[in-house]
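The values are calculated or read from the model by the stated rules, or taken from the named source; none is laboratory data. Given the structure is predicted, the values throughout are model-derived calculations rather than measurements. Reconstructed Cβ throughout: ideal geometry from the backbone, glycine too, with neighbour counts over all protein chains shown.
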Amino acid sequence: MKQLVLIGGGHAHVHVLAALAKAPFADTDVTLVSPYARQIYSGMMPGWIEGHYAIEECALALDSLARRAGASFVQTSCTALDLATKQIRCANGASIPFDHVSIDTGPAANLAGLAGAVEHGLPIRPIEGFVAAWPGLLERARQNGFRLAIVGDGAAATELAFAIQARFATEGLNRVRLTLIGSNREPLTGFPFLLRRKAARLLAAQGIAHLGGRHAVALRPGHVQLDDRSQLAADATLIATGAAAPAWPAASGLATDDAGFIRVNAMLQSLSHPFVFAVGDVAAYADARPKSGVFAVRAGPPLAHNLRAICQRQALTPWRPQQRALYLLSTGHQHALAAWGGFSTSGAWAWRWKDRIDRRFIAQFGN
């Protein structure tokens with residue numbers, strides 16, 4: 001029997017488990033390794049913050065998915081790969097042998113260059129950590145004059161700001177001050193011009209400040225230190241600065257890019273170790289794509305095909321990611337922005353569209 005190990009319960013691996021449930025891989029034992037028994041779908045996090053969803057509606061039960069797939073589930077995290085002996089080293093002290101391994105862990109929090117981030121900040125990744133901390137943060141916000149800073153002004157940070165401000169409004173917390181801190185002159189750099197302008201107007205209309213063209217360099221008790229030596233008063237600081245690679249892939253000897261993401265070919269195989277596959281934000285694709293769940297979801301079916309093929313000694317098929325992706329960004333109050341290539345629009349209908357897509361994704365892998 002061959003041993004296939006799936007490290008991480010990301011969007012692509014959910015597709016692999018679904019494929020296994022329909023048709024097991026011949027002569028292959030499959031093990032899923034993940035630090036959590038569920039995978040919270042990041043696309044529904046803004047709606048959960050606002051109160052539109054219960055957290056259970058946003059989560060996929062990895063243990064149940066693994067059981068239906070006939071796979072073993074080990075609840076721990078990977079700390080290293082021994083590529084010579086083909087062993088996974090785990091945080092719980094266990095070693096798991098493999099013939100083939102697939103990595104879909106998602107990114108780590110990007111805390112580089114931000115002193116005091118661990119002591120005084122709350123990263124939005126891992127999502128489970130943020131979910132656990134959110135009720136306490138909301139309770140603190142009920143204090144008069146509460147000041148909340150969000151480091152980052154990309155899609156995740158901007159959606160987070162809109163969702164939190166909308167929840168504050170629902171709770172009647174109108175004296176909370178919320179500020180986005182970003183190195184860009186305006187939020188959502190890289191998105192279409194009209195969408196960026198619409199987002200900027202909505203931020204201003206909802207009372208969310210954007211401190212652009214600045215770098216947060218340190219978090220201190222009660223304030224954020226900026227690169228121009230100024231300070232922003234903050235009672236709490238969230239960190240949404242984009243994706244960083246976990247340290248263990250490069251340390252294990254896998255070929256990585258300069259940022260530490262695993263370099264893969266069109267078949268989603270490691271460039272240095274063909275028995276290793278990687279997808280999602282942890283991968284550096286041959287045809288570069290943004291770090292986005294949109295591409296991780298699309299990589300799921302071709303990954304499942306190629307894992308089945310390699311386990312059965314059949315030819316692999318290259319994956320050609322889409323050139324353009326649909327982005328739906330919640331702006332609070334059941335309103336959303338939509339972008340496709342250079343086209344953008346917005347409205348309540350866009351939020352309903354996003355809601356249907358998100359609910360369909362969860363229902364597809366029914367818990």
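Quick notes
- Scanning segment 29-41 for residues that are of a type in the set (S, T, N, Q), surrounded by 20 or more Cβ atoms within 10 Å (Cβ to Cβ) and either farther than 30 Å from residue 156 by Cα or at pLDDT below 95 (or both) gives a single hit, 39.
- Subset of segment 244-270 that is part of a loop (DSSP other than H, G, I, E, B) and more than 20 Å from residue 109 (Cβ to Cβ) - its residue that is farthest from the chain's Cα centre (by Cα): 253
- Leading residue by the ranking (nearest to the chain's Cα centre (by Cα)) among those in segment 327-367 that are among the polar types (S, T, N, Q) and closer than 24 Å to residue 165 by Cβ: 330
- Within segment 175-187, the set of residues being more than 25 Å from the chain's Cα centre (by Cα) and in a loop (DSSP other than H, G, I, E, B) comprises 175, 176.
- Residues in segment 131-174 that are in contact with a helix residue (DSSP H, G or I) (Cβ under 9 Å, 6 or more places away or on another chain) and either in a loop (DSSP other than H, G, I, E, B) or among the acidic types (Asp, Glu) (or both): 146, 152, 153, 159, 171, 173, 174.
- Entirely in segment 11-125, the helices (runs of 4 or more DSSP H) that have 2 or more residues that are within 25 Å of residue 356 (Cα to Cα) and not polar (S, T, N, Q): 11-22, 45-50, 62-69
- Failed item, numbered, when residue 186 is tested on (1) modelled with pLDDT of 90 or more; (2) among the acidic types (Asp, Glu); (3) surrounded by fewer than 20 Cβ atoms within 10 Å (Cβ to Cβ): (1)
The rows are residues; the columns are (1) surrounded by fewer than 19 Cβ atoms within 10 Å (Cβ to Cβ); (2) closer than 20 Å to residue 303 by Cβ.
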{"position": "3", "(1), (2)": "yes, yes"}
{"position": "12", "(1), (2)": "no, yes"}
{"position": "45", "(1), (2)": "no, no"}
{"position": "58", "(1), (2)": "no, no"}
{"position": "67", "(1), (2)": "yes, no"}
{"position": "71", "(1), (2)": "no, yes"}
{"position": "75", "(1), (2)": "yes, no"}
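- When segment 217-235 is limited to residues that are crowded, with 17+ Cβ neighbours inside 10 Å and either charged (D, E, K, R) or touching a Ser or Thr at 6+ places or on another chain (Cβ under 8 Å) (or both), the one that is farthest from residue 174 (Cα to Cα) turns out to be 219.
- Test: residue 241 is of a type in the set (Ser, Thr, Tyr), in a strand (DSSP E or B) and closer than 24 Å to residue 134 by Cα: no
- Selection from segment 313-344 of residues that are touching a residue at least 40 places away in the same chain (Cβ under 8 Å) and over 21 Å from residue 197 (Cβ atoms): 316, 317, 318, 319, 320, 334
- Residue within segment 3-10 that is in a helix (DSSP H, G or I), at pLDDT below 95 and under 30 Å from residue 136 (Cβ atoms) present: no
- Residue pairs whose Cβ atoms lie under 7 Å apart, separated by 6 or more positions or on different chains, with the first residue in segment 88-100 and polar (S, T, N, Q) and the second part of a strand (DSSP E or B) and modelled with pLDDT of 95 or more, are 95/87; 95/88; 95/89.
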